[in-house]
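Take a look at the structure below.
What follows is calculated from the coordinates using simple rules that are stated; it is not laboratory data. Quick caveat: nothing in here was measured; it's all calculated off a predicted structure. Please note: Cβ atoms are built from the backbone with ideal geometry, for glycine as well, and neighbour counts cover all protein chains shown.
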Amino acid sequence: MPVDDFTSSIFESLNVAFAIKSFLILFLIFYVIFSLILYRQIQLMCKTLTTPVGPFLKFVGIIHIGVALALLLVTLGVF
């Protein structure tokens, strides 16, 4: 089996749309993890430094987690 036939058969079996969908889903999973880490950082900051803005930041962090999860679920539903 020549090398040219082997590489062309790999690229023919690899679907570009599948690769893009896989990358997008993986990116959104990491984005959800990032939003959870960000919320944890907000909690630690509010515990260390109490300000009147603290509850608002926690609320925005929760909304951020919700939007990230919604994007992931919509993407999984579409694909």
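What the table below lists for this structure:
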read-out	value
Residues of the range 40-58 that turn out to be over 22 Å from the mean Cα position of the chain (by Cα) and assigned to a helix (DSSP H, G or I), as a count	8
Number of positions in the range 54-79 that are in contact with a Leu (Cβ under 8 Å, 6 or more places away or on another chain), of a type in the set (A, V, I, L, M) and in contact (Cβ under 8 Å) with a residue 40 or more places away in the chain	3
